[in-house]
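Input: a single structure, listed below in structure tokens.
The values are calculated or read from the model by the stated rules, or taken from the named source; none is laboratory data. These numbers were taken from a predicted model, which means no experiment stands behind them. In this analysis, Cβ positions are derived from the backbone assuming ideal geometry, glycine residues included, and neighbour counts consider all displayed protein chains. When the accessible area is computed, the model is the full protein with side chains, heavy atoms only, and any ligands, DNA or RNA have been set aside. Shrake-Rupley method; radii C 1.70, N 1.55, O 1.52, S 1.80 Å.
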Amino acid sequence: MKKTFALLLAAIMMLALLTACGGGDKPADTTPPADTSAPADTGSDAAPEAPAAGGNIGVCIYKFDDAFMTTYRNALQEILEGKGYQVTVVDGNNDQAKQNEQINTFITQGVDALIINPVMTSAADTIIATVKSAGIPTVLINREPTADQMAAYDKLVYVGALAAQSGTMQGELILDTPNQGDINGDGKISYIMIQGDPENIDAQLRTEYSVKALTDAGKEVEQLNLTRGDWDREKGQTICANDLAQFGDKIEVVFCNNDDMAIGALQAIQSAGRKVNEDIYLVGVDALDAALNEVKAGNMTGTVLNDAVGQATGAVAEMEKLLGGATYASGSQSVYIDYVKVTPDNVGDFMK
Ligand code: BGC
């Protein structure tokens, strides 16, 4: 009697464990299709309830010393831990070889899923081959590989945002100013571009689409300089200071691929005695707290919300779909969270 009871108990516990872990090896045809149809789907509403099973999740961040990724990783950690997962977040120190080792270590430790912010987009093939051969469900974030690269593994999904959209919004912020960016009235918008890491598609597309928004609106543009600032505040400051020394009043618009560089550029603008929104315009992307304060104070023309919390929520939702057995068809392995334009009019909505 006692033995039967013990066996029954063991069977119940086993069943509970299997359910909590997402059912173990499900045959392919019972796999629920991933809902990746809506481009602006945050994934959050479509996600199944978290199993809160205490699964082990490895999170690889390209480098901790990045303002936007700091907000993002803190959000990720909070959401995952809030759902009962054991989370280990590691710093790739901007070194792809180091990140590859970290991924291998996580695999050896037997993590249930990985969330990876690649150091180099060009390393995507290697990363995907590694997680595929280990069979680890993986969510890539922030640095988007091509659809073809992702097609190699059906337990892989990318969660991010459409970089072109943020570039277009930056251009629109300039078009929304009283003189549409042409402060000196010479018929053209003269700008400098402070670019992120050009290896990154966010840097490439923001650079292209911010200016395209101006030319699409029929504006003449003049690029005085384009310099890579690698997403870094200090580099943003140095580049902007050099450009102000070289081009002076000719500069009407400072486009920065992200807010951290824009905050640096603002320091240079202020030291040069220039006044944002009066004799120069300045726009960034991310909506970091520091940038929101500057937009509110009139020291930045605007920024674009790069929704770290929305993307972290989406990444966890997609991870849970993968843990539940979902697979992704090639061509629908990207989930995008919308960017939002931030101006002095709506900045209060984004401040905590
Ligand atoms: C953000 C940057 C950040 C970069 C890191 C971009 O989406 O706008 O601030 O440095 O991601 O990859």
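Which FRET efficiency value, to the nearest 0.05, is calculated for Asp345 and Ala217 with the Förster distance at 22 angstrom and r the Cβ-Cβ distance?
On the way: r = 20 Å, r/R0 = 0.92.
The computed FRET efficiency comes out at 0.65.
Once phi is turned into θ = phi - 60°, what whole-Hz ³J(HN,Hα) does the Karplus curve with 6.51, -1.76 and 1.60 give for every residue of the range 66-80, x standing for Gly and Pro?
9, 4, 5, 5, 5, 4, 5, 5, 5, 5, 4, 4, 5, 5, 5
Please compare each pair in Lys83/Lys321; Lys63/Lys296; Lys63/Lys341; Lys63/Lys212 to a cut-off of 21 Å on the Cα-Cα distance and tell me which ones are over it. Display every interim value, and only then the final one.
Working: Lys83/Lys321 14 Å; Lys63/Lys296 29 Å; Lys63/Lys341 26 Å; Lys63/Lys212 31 Å.
Exceeds cut-off: Lys63/Lys296; Lys63/Lys341; Lys63/Lys212.
Can you sort Arg206, Arg73 by 1.4 Å-probe accessible area, starting with the largest? Present the calculation step by step, with values, prior to reporting the outcome.
On the way: Arg206 5, Arg73 40 Å².
The ordering from most to least exposed comes out as Arg73, Arg206.
When the label point is put 7 Å from the Cα of Thr108 along its Cα-to-beta-carbon vector, which residues of the range 57-77 have a backbone N closer than 18 Å?
Correct set: 57-60.
In nm, give the distance between the simple-model label positions of Val89 and Phe247, each being 7 Å from the Cα along the Cα-to-Cβ direction.
3.6 nm
Relative contact order of the range 127-239, please, whole-number percent, based on alpha carbon pairs below 8 angstrom and at least 6 residues apart.
Numbers: 156 pairs, mean separation 28.5, N = 113.
This gives 25 percent for the range 127-239.
Glu78: accessible area at probe 1.4 Å, nearest 10 Å²?
Counting only protein heavy atoms, Glu78 exposes about 140 Å² to solvent.
Straight-line reach from Lys188: which aspartates and glutamates fall under 12 Å, measuring Cα to Cα and dropping same-chain residues less than 8 apart?
Of all the aspartates and glutamates, those that pass the test against Lys188 - Cα under 12 Å, at least 8 places apart if same chain - are Glu220, Glu222, Glu252.
Tell me, what is the 1.4 Å probe accessible area of Lys219, in Å² to the nearest 10?
Counting only protein heavy atoms, Lys219 exposes about 60 Å² to solvent.
So if R0 is 45 Å, what FRET efficiency would Leu224 and Glu101 give, r being the distance between their Cβ atoms, rounded to the nearest 0.05? Numbers along the way, then the final one.
Working: r = 42 Å, r/R0 = 0.94.
Once rounded, the FRET efficiency stands at 0.60.
If the range 161-307 were replaced by its equivalent ellipsoid, with semi-axes equal to the square roots of 5 times the Cα gyration tensor eigenvalues, what would those be, largest first, whole Å?
19, 18, 15
Between Glu234 and Lys132, what is the label-point separation in nm under the 7 Å Cα-to-beta-carbon projection?
So the two model labels end up 4.0 nm from each other.
Show the residues, 5+ positions off or on another chain, whose built amide H is closer than 5 Å to the amide H of Trp231.
HN-HN under 5 Å from Trp231: Gly196, Asp197.
What do you reckon, how do Leu322, Leu175 stack up by accessible area (1.4 Å probe), largest on top?
Numbers: Leu322 5, Leu175 35 Å².
Greatest to least solvent exposure: Leu175, Leu322.
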